[in-house]
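Read-outs: derived from the displayed coordinates by stated rules, not from any lab. On a predicted model such as this, the values are computed, not experimentally measured, just so you know. Cβ placement follows ideal geometry from the backbone for every residue including glycine, while neighbour counts extend to all protein chains displayed.
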Amino acid sequence: MFEGVFSALITPFSNGSFDKDAMARLVEYQLEQGITGVVPCGTTGESATLNHQEHKDVIRFCVELVAGRVPVIAGTGSNATAESIELTRFAKEVGADGALLITPYYNKPTQQGLYQHYKAVANAVDMPIVLYNVPGRTALDMQADTIARLAKISNIVAVKEATANMERASIIHKQCGDDITLISGDDATFLPFLAVGGGGVISVSANIATKAMVALWQAFKDGDWQTARRHHQDLLDLNGLLFCETSPIPIKAATAMMGLCGPELRLPLTELEEKNREPLRQAMLELGLLK
């Protein structure tokens, strides 16, 4: 479930508030470019600095805007299980197709604590759940054995694995098989991730390079390795530059260059440094994203 290219949506801001017009431009652009689905309120959406009402407003707006054209997987994770349940219930109520739940950051639960956390949310809300493992953000690594246990819960359908570790991805696929869809959380290793059993990506790059990311996925599905490899190599520079500073700093600068939204972020994140702006612009020019 949830195979293909999903964009990890940024949350556009204007004068400190959620910019609905910019979000509409961004999402419509991606839909025109063939995106498989969208993911509001994940890490790229600066969910950590959204208050509860804003979090709900972004999810609701995105679901209503998409209007069933592609799946919407709402970011509803928290380091508090009760809060995750509340946000996930809301996502279901407003019509989201699934929920993405990051591992509980800062608390650093044990593997058993992780299992019980996700089990509690899955039991409380009958909707498709996507696990999200990103140790670089959370200082917590969900092990393959834990993912395999969780994959036996019927509405836990996928895992976003953002370690960029192909051995880890291979082990998860070996242990889980078809019980869970393996989704990449690292754009630069999307193609090798597919090769070891991956079924898709939740992508920062897909905010702007939607067509190229989708073309890579389609070529892989068609068994056209030469074309898939070409798209992979064409995207390498952009994928690297979109993480030259903490994401979503570079992707917000990139979307602003394209006129999709402003570059505004919320503190403690700050705008892209000047030394990184021109290399990013050049990479976008080479991909035909700018004129």
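Condition first: in contact (Cβ under 8 Å) with a residue 12 or more places away in the chain and either surrounded by 14 or more Cβ atoms within 10 Å (Cβ to Cβ) or out of contact with any helix residue (DSSP H, G or I) (no Cβ under 8 Å at 6 or more places or on another chain) (or both). Now tell me which residues in the range 69-82 satisfy that. Give the steps one after another, and end with the answer.
Taking the range 69-82 as the starting set, the residues that turn out to be in contact (Cβ under 8 Å) with a residue 12 or more places away in the chain are 69-81.
Listed by number, the residues that qualify are VAL70, PRO71, VAL72, ILE73, ALA74, GLY75, THR76, GLY77, SER78, ASN79, ALA80, THR81.
Of all residues in the range 261-291, how many are touching a Pro at 6+ places or on another chain (Cβ under 8 Å) and of a type in the set (A, V, I, L, M, F, W, C)?
5
Would you confirm whether or not the range 99-109 contains a residue that is crowded, with 16+ Cβ neighbours inside 10 Å, of a type in the set (A, V, I, L, M, F, W, C) and farther than 23 Å from VAL159 by Cβ?
Looking for residues that are crowded, with 16+ Cβ neighbours inside 10 Å, of a type in the set (A, V, I, L, M, F, W, C) and farther than 23 Å from VAL159 by Cβ, one finds none in the range 99-109, hence no.
For every residue, the table says whether it meets (1) crowded, with 20+ Cβ neighbours inside 10 Å; (2) under 19 Å from the mean Cα position of the chain (by Cα); (3) over 16 Å from LEU26 (Cα atoms); (4) among the hydrophobic types (A, V, I, L, M, F, W, C).
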{"site": "LEU236", "(1), (2), (3), (4)": "no, yes, yes, yes"}
{"site": "CYS261", "(1), (2), (3), (4)": "yes, yes, no, yes"}
{"site": "GLU274", "(1), (2), (3), (4)": "no, no, yes, no"}
{"site": "LEU280", "(1), (2), (3), (4)": "yes, no, yes, yes"}
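Between GLY16, GLY95, GLY75, which is farther than 30 Å from ASP222 by Cβ and touching a Cys at 6+ places or on another chain (Cβ under 6 Å)?
Numbers: GLY16 fails: touching a Cys at 6+ places or on another chain (Cβ under 6 Å); GLY95 fails: touching a Cys at 6+ places or on another chain (Cβ under 6 Å).
The match here is GLY75.
Looking at the range 254-268, I want the residues that are free of Cβ contacts under 8 Å to residues at least 12 places away in the same chain and have a partner that is assigned to a loop (DSSP other than H, G, I, E, B) with Cβ atoms under 8 Å, at least 6 apart or on another chain. Which pairs are those?
ALA256/GLY262; ALA256/PRO263; PRO263/GLU271; PRO263/LEU272
Identify all residues within the range 151-204 that are within 15 Å of LEU101 (Cβ to Cβ), out of contact with any Gly (no Cβ under 8 Å at 6 or more places or on another chain) and either among the charged types (D, E, K, R) or buried (at least 21 other Cβ atoms within 10 Å of the Cβ) (or both); write none if there are none.
ALA151, ILE156, VAL159, ILE180, GLY185
Looking only at the range 115-147, how many residues end up being surrounded by 19 or more Cβ atoms within 10 Å (Cβ to Cβ), aliphatic (A, V, I, L, M), under 25 Å from SER247 (Cα atoms) and without any contact (Cβ under 8 Å) to a residue 60 or more places away in the chain?
4
In the range 145-180, what residues are assigned to a loop (DSSP other than H, G, I, E, B) and small (Gly, Ala, Ser)? Don't jump to the end; show me each part of the working.
Pass one, the range 145-180, residues assigned to a loop (DSSP other than H, G, I, E, B): 151-155, 162-165, 180.
If the condition is that a residue be assigned to a loop (DSSP other than H, G, I, E, B) and small (Gly, Ala, Ser), then ALA151, SER154, ALA162, ALA164 are the ones that fit.
Any chance the range 47-55 includes a residue that's closer than 21 Å to THR246 by Cα and β-branched (Val, Ile, Thr)?
For the range 47-55, residues closer than 21 Å to THR246 by Cα and β-branched (Val, Ile, Thr): present.
So, in the range 28-59, exactly how many residues are among the aliphatic types (A, V, I, L, M) and in contact (Cβ under 8 Å) with a residue 60 or more places away in the chain?
Initially, the range 28-59 is screened for residues among the aliphatic types (A, V, I, L, M), giving 31, 35, 38-39, 48, 50, 58-59.
Cutting the leftovers down to in contact (Cβ under 8 Å) with a residue 60 or more places away in the chain gives us 35, 39.
So the count comes out to 2.
Being outside any loop (DSSP other than H, G, I, E, B), free of Cβ contacts under 8 Å to residues at least 60 places away in the same chain and under 21 Å from LEU289 (Cβ atoms) is the requirement here; does ALA219 meet it?
Numbers: outside any loop (DSSP other than H, G, I, E, B): yes; free of Cβ contacts under 8 Å to residues at least 60 places away in the same chain: yes; under 21 Å from LEU289 (Cβ atoms): yes.
Spelling it out, ALA219 is indeed outside any loop (DSSP other than H, G, I, E, B), free of Cβ contacts under 8 Å to residues at least 60 places away in the same chain and under 21 Å from LEU289 (Cβ atoms).
Looking for something hydroxyl-bearing (Ser, Thr, Tyr), surrounded by fewer than 18 Cβ atoms within 10 Å (Cβ to Cβ), in contact with a helix residue (DSSP H, G or I) (Cβ under 8 Å, 6 or more places away or on another chain) and more than 21 Å from PHE190 (Cα to Cα) - is there at least one such residue anywhere in the range 30-50?
Initial filter on the range 30-50 (hydroxyl-bearing (Ser, Thr, Tyr)): 36, 43-44, 47, 49.
Cutting the leftovers down to surrounded by fewer than 18 Cβ atoms within 10 Å (Cβ to Cβ) gives us 49.
In the following step, the residues that additionally are in contact with a helix residue (DSSP H, G or I) (Cβ under 8 Å, 6 or more places away or on another chain) were identified as none.
No, the range 30-50 contains no residue that is hydroxyl-bearing (Ser, Thr, Tyr), surrounded by fewer than 18 Cβ atoms within 10 Å (Cβ to Cβ), in contact with a helix residue (DSSP H, G or I) (Cβ under 8 Å, 6 or more places away or on another chain) and more than 21 Å from PHE190 (Cα to Cα).
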